[in-house]
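**Q** Pasting a structure here, questions to come.
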Amino acid sequence: MSELRYAQEYLGQFIDDLRRFFSDKLISAICSLKRGHSSRGEYFLGSDLARMGEDLSSFEILKRIDQDNIVQVDNQTTSKQLTTQTHDKILELNKEEPKAPQTQNEES
């Protein structure tokens with residue numbers, strides 16, 4: 001058994017970080033698009049509410065660019081928020097877009 005395998009299997013060490021080829025910084029720079037909003041298009045807001053637990057609430061803003069294509073233009077998360085605070089966040093996100101996003105809420 002190799003030293004790396006022993007460390008992972010028996011010592012519980014996270015070895016994947018030692019064998020990775022690309023840094024988080026490089027991956028983030030290459031795989032992240034610049035956020036921006038255009039006044040053209042139809043926007044939608046999807047929400048997954050987590051409330052006061054350990055999970056995060058997620059807000060996903062999507063834009064329809066044509067009949068067959070929708071792109072994600074933004075995502076935001078919050079943690080340990082009361083329902084009233086989440087409501088205010090959705091209203092705030094709604095005001096940011098020139099075309100009001102349609103809100104769909106799914107409680108988790």
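**Q** Taking the range 63-97, which residues are in contact (Cβ under 8 Å) with a residue 24 or more places away in the chain and either more than 14 Å from Leu45 (Cβ to Cβ) or loosely packed, with under 11 Cβ neighbours inside 10 Å (or both)?
**A** Once the filter is applied, which keeps residues that are in contact (Cβ under 8 Å) with a residue 24 or more places away in the chain and either more than 14 Å from Leu45 (Cβ to Cβ) or loosely packed, with under 11 Cβ neighbours inside 10 Å (or both), the range 63-97 yields Ile65, Ser79, Lys80, Gln81, Leu82, Thr83.
**Q** Identify all residues within the range 50-60 that are surrounded by fewer than 20 Cβ atoms within 10 Å (Cβ to Cβ) and of a type outside the set (D, E, K, R); write none if there are none. Let's see the steps before the verdict.
**A** As a first pass, look at the range 50-60 and keep what is surrounded by fewer than 20 Cβ atoms within 10 Å (Cβ to Cβ): 50-56, 58, 60.
Of everything in the range 50-60, those that are surrounded by fewer than 20 Cβ atoms within 10 Å (Cβ to Cβ) and of a type outside the set (D, E, K, R) turn out to be Ala50, Met52, Gly53, Leu56, Ser58.
**Q** Looking only at the range 20-47, which residues are modelled with pLDDT of 80 or more and assigned by TED's automatic domain parsing to the domain that holds Ile90?
**A** Glu42, Tyr43, Phe44, Leu45, Gly46, Ser47
The values are calculated or read from the model by the stated rules, or taken from the named source; none is laboratory data. Bear in mind the structure is a predicted one, so any value in this text is a computation, not a measurement. Cβ sites come from the backbone with ideal geometry, for glycine too, and all protein chains shown count toward neighbours.
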